[in-house]
Amino acid sequence: MAKIPFSKTFLSYSDQLNLLKDRGLIIDDEGKALHLLEHLSYYRLSGYWYPLLSDKEKHVFKSEAKFENAFKIYCFDRELRRLVLAEIEKIEVAVRSKITYTLSKTKGAFWFQDAAMFSNPIIHADTLSKIGQEFTRSDEEFIKAFKNKYSNPLPPSWITMEITSFGSLSMLYKNLKPGFEKRDISHHFGLADKVFETWLHSLVYLRNVCAHHTRLWNRAMRITPQMPLTPKKQFLKNVSIPKDRTYFILCMIIFFTANNKSGYYICNTIQRIISKVFQY
């Protein structure tokens, strides 16, 4: 299909409200709707009323579609993002700790600088450059103390990995050459190393989605994890479930937390969020 120049014009909050009404959206409380359009924006909210459209090309709403319903979905999504972000933090810390301990024990304190340990030297150099930038930017007291005392360009891994982004950590693991250490790390989390790579990449992507407050509900994930064929713990029995949807990602998070009470907490919290949001 041929591309066309963007021609839509700016609309005031009142004009936005009238446009929604003209398209058939029921607005019971216009004052509240105007407030939300001003503080959340039309474009952000549009992702939540999109499923309420009967004609998605002409933007005509289904009969009985309400602005309030879209806002309730937005509230649910906001709470879901907070939950997911908190759980990913726990997973990230655990993965960071395991990678650091395993590789430092067998490969030395500065394993992450050894190009011979990695499959792609270009990717390794790029990752190492990003870690160096993170080290330079860091204002952590332990980093300042290291810079003042030691001449090394980077600290040992148990210090460096603490200021390394989740994305760089994920790339370090993915680029590791196959071997005992790589398998030991992934098996600790109940997965084959190739599957674990994709799960880390997916979690990094998901973390960025949540951290930037973009829509998680009803999202098709751009980064798709692999389905584990022989997981060490119970996982989805239905292998045909789409791997690019939020449900699969939530199941991944529960899988990571299956050895403690977090899995039950996540399920119970989602049920509580649904009850709270859709009852007011």
Length-normalised contact order of the chain, Cα under 8 Å, at least 6 apart, in percent, tallies to 17 percent
Net charge within 15 Å of E141 by Cβ-Cβ distance, Lys/Arg positive one each and Asp/Glu negative one each, not counting E141 itself? +1
Candidates L191, L36, L25: whichever shows maximal mean-square fluctuation once the chain is modelled as a Gaussian network with Cα springs under 10 Å: L36
Leaving ligands, DNA and RNA out of it, work out the accessible area of E162 with a 1.4 Å probe and give it in Å² to the nearest 10. 110 Å²
Distance in nm between C267 and D22 label points, each 7 Å along Cα→Cβ, equals 4.9 nm
Under a GNM of the chain (C-alpha, springs under 10 Å), which listed residue has the highest mean-square fluctuation: Y48, Y173, Y13? Y13
Top mean-square fluctuation among N18, N208, N148, Gaussian network model of the chain, C-alpha springs under 10 Å? N148
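Lys and Arg at +1, Asp and Glu at -1: add these up for the other residues within a Cβ distance under 10 Å of I185 and post the number.
Summing Lys/Arg as +1 and Asp/Glu as -1 gives 0.
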Which entry is the computed Cα Rg over 2.2 N^0.38 Å for this structure: (i) 1.24; (ii) 1.01; (iii) 0.97? (i)
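The values are calculated or read from the model by the stated rules, or taken from the named source; none is laboratory data. Computed from a predicted structure; not experimentally measured. Note that we place each Cβ from the backbone using ideal geometry, even for glycine, and neighbour counts take in every protein chain shown. These accessible areas exclude ligands, DNA and RNA; they are computed on the full protein's heavy atoms, side chains included. Shrake-Rupley method; radii C 1.70, N 1.55, O 1.52, S 1.80 Å.
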